[in-house]
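Structure first, commentary second.
What follows is calculated from the coordinates using simple rules that are stated; it is not laboratory data. Keep in mind the model is a prediction, meaning the values are calculated, not measured. Cβ sites come from the backbone with ideal geometry, for glycine too, and all protein chains shown count toward neighbours.
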């Protein structure tokens, strides 16, 4: 399954990022805690170069806590400032605000010496579609300043938001990159909802997800879909059984594969299958997206 999705507005967004980076003090790169490798846009490193950066991993409430801890350890070993957050409930938002001010402490002191006492820290929040940028901005600002949604492509233009006299945020649309060199990246992005469902084969995607879960989280898979055995079965076969167990039946007794596939993807994205992380730090060795 080779998924590619790069709508025209994303090329425009890349130009917006490049044009505005000189106005920004620090970049917040927002990743999906469930897929830290696949949700990292490789173009960002080229655009932002040596600009101070904080890696923020959102949706940590949906991720496997043990694997998140190993990711945090990995980022720390590389010298990357990193924070795991939940932008919906506000987990670690204050920690992020403090980190932003801490990382800019030297610049703030230099500005004071030049008489620029009241200039706020200008922060650009970037990430892939549907990773939670607008939700994060609203939590930081303490009000509904950015338009949010549970589908990719909600934010379409840049907007500056004044949080307070200390922080300004630049919200930008979610952006992917022209080609996923590793097909696994496109699959993981589609599974977690960063790619619109209408451009993918939902049944094939759900089958692949079942194969991943059978390997990584067999107990969660079996309990959620009442599977008595998963050994020797393909993802599609397991999906058929799950469809039957859930009553997804159409005329003639056939399994409604499209319906059960949509249910499975919705339940994964909503955390109903459990706390699931699809990528570990050791996967970077074999990944072309790093």
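Structure data summary
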{"item": "Cα-based shape type of the range 201-286, given that a ≥ b ≥ c are square roots of the gyration tensor eigenvalues and the cut on a/c is 1.5", "result": "prolate"}
{"item": "Correct choice for Cα Rg over 2.2 N^0.38 Å that was computed from the model, options (i) 1.08; (ii) 0.97; (iii) 1.04", "result": "(i)"}
{"item": "Principal-axis tilt of helix 183-192 within the chain, Cα atoms, nearest 10 degrees", "result": "90"}
{"item": "Segment residue 122-residue 198, length gained on full extension (0.36 nm per residue, minus Cα span)", "result": "23.7 nm"}
{"item": "Calculated FRET efficiency for the pair residue 223/residue 258, C-beta based, R₀ 35 Å, to 0.05", "result": "0.90"}
{"item": "Measure of compaction for the range 3-133 (Cα Rg per 2.2 N^0.38 Å)", "result": "1.12"}
{"item": "Relative exposure of 217, 225, judged by other C-beta atoms within 10 Å (fewest first)", "result": "217, 225"}
{"item": "Length released on extending from residue 50 to residue 77, taking residue separation times 0.36 nm less the Cα-Cα span", "result": "7.9 nm"}
{"item": "Distance in nm between pseudo-label sites at residue 165 and residue 105 (7 Å out along the Cβ direction from Cα)", "result": "2.2"}
{"item": "Among beta bridges that DSSP assigns inside the chain, antiparallel share in %, nearest 5", "result": "25"}
{"item": "Exposure proxy order (Cβ contacts within 10 Å, fewest to most) of 266, 198, 64", "result": "198, 266, 64"}
{"item": "DSSP beta bridge pairing in the range 8-171, given as percent antiparallel to the nearest 5", "result": "20"}
{"item": "Cα-based helix-to-principal-axis angle, 202-216 vs the chain, degrees rounded to 10", "result": "90"}
{"item": "Nitroxide proxy distance, nm - points 7 Å out along Cα→Cβ at residue 267 and residue 284", "result": "3.4"}
{"item": "Neighbour-count order for 234, 202, fewest beta carbons within 10 angstrom listed first", "result": "234, 202"}
{"item": "Nearest-ten-degree value, helix 235-245 long axis tilted from longest Cα axis of the chain", "result": "70"}
{"item": "Net lengthening on full extension, residue 9/residue 246 (0.36 nm per residue, minus Cα-Cα)", "result": "81.4 nm"}
